[in-house]
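Novice: Here it is, the structure in full.
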Amino acid sequence: MIAELISDKVSMGDCLVSLMGNGKYNQMKMMVAFAKQSGISRLLNDFMNFRNSGGEIEAVVGIDQHITSFQAIQQLSTLTNDNLYIHHDRGASCFHPKVFIFEKDNNPTAILVGSSNLTTGGLFSNYEANVLLSPQGTEEDKLFLTELSTFYSTILKDSNTQKAESHLLSQLYSQGLVTDETRTREFNEIIKTTTNIPFKSKRRFQIPKLPVPIRRVPVLTPMSFAMILSKFDVSSLSSDPVILVPLAALRQFPLFWQWPTSFTLSGGGYPERYTAVRVNIPEQTSQTAYTRLYYYDRKKEFRLQCEPIKRNGHEGDLMLIERSTSNHFEYEITLIPTNVTRYNQLRRSCTTKVSDKKYFGYR
């Protein structure tokens, strides 16, 4: 076995380009923890040339830690001719391999194993360490290739490995298990302005320009949530202005609430987030304030703290929460009393029953 270190002289991206373009292989298998379209697109022409030359691509991608993007899965699904698989373990284990196998007629002759994912950082800008292995036909090499084939086959047959079909992709996106690269905000430049540490930025490898812009996501997240307020949700006396949002609503569209990506642990150990909202109460001036969303694990409750709704609402009234396009607040929360004309229209959209008096719905 010949082993070559791929680290500080040649980027992982350039190594993949060389292997795909040398004409020696007609099959490529990848197994990576994370994938981003911003990384894949920088090799898009090379992937397409490999395919157009008769090559076949197969991939297994992890979706742990909310790093893999919806756009990456879409693009890989096209590049692999639907030979794309998603692996996810809901327990504490993270799917974390990085293996690239190049084959000629099902015979592996080049294997890359290391730290690089299918991301811009993994392919070009990070400090990565990968090893390019070239089997030479020895008995030890044959044993290694048998073990590699068994490992890959075992992952493909695992019950937590699912074919990346369209309905699964939509479910992963709507439930917040994959990110949207068009909405990802980079914090690096902000961090640089607030730190004063003795480390400098060094340019490692030249990062290729994106041949195409990141595509907009076709899957739609609801723009509004309506809920009938229960007796618990409204009170002029309660010391805690909490409103219960059904767990069924959180599970149905987690991304509407930015769950779990925007939540952090509170001092009491509860996942929480604060966000700016504008609150509209009939016959009152609209007000902008910060409200708290949190998951109270002890009682298995998802809670919204909104004092104007709590103090002014009545049992049976409707609370409407709309995602905002304003830069000043994220949601617009409106109290809709039962005697308002709009109430009946919104009430009809509350099709999911939680109890005899509590219903909700998204639009």
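The values are calculated or read from the model by the stated rules, or taken from the named source; none is laboratory data. If you're wondering where the values come from, they're calculated on a predicted model, not measured in any experiment. Positions of Cβ are generated from backbone atoms using ideal geometry, with glycine treated the same way; all protein chains shown enter the neighbour counts.
Novice: Could you please give the count of residues in region 75-97 that are surrounded by fewer than 16 Cβ atoms within 10 Å (Cβ to Cβ) and either of a type outside the set (S, T, N, Q) or within 16 Å of the chain's Cα centre (by Cα) (or both)?
Specialist: Matching residues across region 75-97 total 7.
Novice: Just give me the residues in region 244-263 being out of contact with any Asp or Glu (no Cβ under 7 Å at 6 or more places or on another chain) and either part of a strand (DSSP E or B) or not assigned by TED's automatic domain parsing to the domain that holds Glu322 (or both), in sequence order.
Specialist: Scanning region 244-263 gives a single hit, Val245.
Novice: Looking at region 274-289, is at least one residue under 23 Å from Lys357 (Cβ atoms), surrounded by 17 or more Cβ atoms within 10 Å (Cβ to Cβ), in contact with a Phe, Trp or Tyr (Cβ under 6 Å, 6 or more places away or on another chain) and aliphatic (A, V, I, L, M)?
Specialist: No - not one qualifying residue is present in region 274-289.
Novice: Pick from region 329-363 the residues that are assigned to a loop (DSSP other than H, G, I, E, B) and either of a type in the set (Asp, Glu) or under 25 Å from the mean Cα position of the chain (by Cα) (or both): which of them is surrounded by the fewest Cβ atoms within 10 Å (Cβ to Cβ)?
Specialist: Asp356
Novice: Here's something else I'd like to know. Could you list, in sequence order, the residues of region 264-273 that are outside any strand (DSSP E or B) and either surrounded by 18 or more Cβ atoms within 10 Å (Cβ to Cβ) or small (Gly, Ala, Ser) (or both)?
Specialist: Ser266, Gly267, Gly268, Gly269
Novice: Scan region 76-94 and give yes if some residue there is closer than 15 Å to Ser41 by Cβ, part of a helix (DSSP H, G or I) and out of contact with any strand residue (DSSP E or B) (no Cβ under 7 Å at 6 or more places or on another chain), otherwise no.
Specialist: Looking through region 76-94, at least one residue is closer than 15 Å to Ser41 by Cβ, part of a helix (DSSP H, G or I) and out of contact with any strand residue (DSSP E or B) (no Cβ under 7 Å at 6 or more places or on another chain).
Novice: Tell me which of these Ile333 doesn't satisfy, since it passes every other one: (1) of a type outside the set (D, E, K, R); (2) more than 17 Å from Gly361 (Cβ to Cβ); (3) in contact (Cβ under 8 Å) with a residue 40 or more places away in the chain.
Specialist: (2)
Novice: Note down all Cβ pairs under 8 Å where the first residue falls in region 167-179 and is charged (D, E, K, R), the second is buried (at least 19 other Cβ atoms within 10 Å of the Cβ), and they're at least six residues apart or on different chains.
Specialist: Hits for this filter: zero, empty list.
Novice: While we're here: State yes or no: is Arg311 closer than 19 Å to Ser238 by Cβ, part of a helix (DSSP H, G or I) and in the same structural domain as Ser286 (by TED's automatic domain parsing)?
Specialist: So Arg311 fits the description; yes.
Novice: Based on this model, can you work out whether Arg215 counts as at pLDDT below 95, assigned by TED's automatic domain parsing to the domain that holds Glu307 and either among the basic types (Lys, Arg) or part of a loop (DSSP other than H, G, I, E, B) (or both)?
Specialist: no
Novice: Among the numbered conditions (1) touching a Cys at 6+ places or on another chain (Cβ under 8 Å); (2) within 17 Å of Tyr152 (Cβ to Cβ), tell me where Glu56 comes up short.
Specialist: (1)
Novice: On to the next question. Filter region 101-117 down to residues that are part of a strand (DSSP E or B) and of a type outside the set (Val, Ile, Thr) and give me whichever is surrounded by the fewest Cβ atoms within 10 Å (Cβ to Cβ).
Specialist: The extreme case among them is Asn107.
Novice: Take Glu283 and tell me if it is at positive phi and either assigned to a helix (DSSP H, G or I) or at pLDDT 85 or above (or both).
Specialist: So Glu283 fits the description; yes.
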